[in-house]
């Protein structure tokens, strides 16, 4: 198996970040008005007003597999370097929200917290930015494991190699030292 490599410390470009968010929005748009309304409600909700019996993520859970299927179809023509670029953006986004105050809301083990962060990314930029600004906007028990290594798996499936983002960071839980108390 070969490994695609990039220069050490490679950061996502603004264009790659914009491409990721555009692809995510396009994949959700193909699913219609119902998931769009559910995603918007998550962005606009008052987390202090959430009822303990109300799970705002349960309705969107039913759409996640279809979202990932659409995202895969939208990226079928992408090259290995393009998939690596997108994986680098996801890796950075997951790393940036690897923070103690977000974990306090989502909870979860190492893998569970990674999957919770995958959910945050999968819901798109508006929800991601909302959680980044106010960690209480995150949801307990909301997970999207498939988003965490989505583009890396596509790269491996299509090109028989695992992409090396060259970022020097980890998307794994508790890997962002700036996000955790010493």
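Values quoted throughout were computed directly from the atomic coordinates according to the rules given, and no laboratory measurement underlies them. Computed from a predicted structure; not experimentally measured. Heads up, the Cβs are rebuilt from the backbone with ideal geometry, glycines too, and the neighbour counts pull from every protein chain shown.
Candidates are the residues of the range 126-174 that are closer than 19 Å to residue 103 by Cα and without any contact (Cβ under 8 Å) to a residue 12 or more places away in the chain; the one that is surrounded by the most Cβ atoms within 10 Å (Cβ to Cβ) is 129. Applying the criterion of at least 1 residues that are farther than 15 Å from residue 47 by Cα and touching a strand residue (DSSP E or B) at 6+ places or on another chain (Cβ under 9 Å) to the helices (runs of 4 or more DSSP H) found wholly in the range 113-182 leaves 150-159. Residue 105 meets each of the listed conditions (1) over 17 Å from the mean Cα position of the chain (by Cα); (2) in a helix (DSSP H, G or I); (3) surrounded by 15 or more Cβ atoms within 10 Å (Cβ to Cβ) apart from (1).
Checked against (1) surrounded by fewer than 23 Cβ atoms within 10 Å (Cβ to Cβ); (2) under 12 Å from the mean Cα position of the chain (by Cα); (3) not in a helix (DSSP H, G or I), residue 92 passes all but condition (3).
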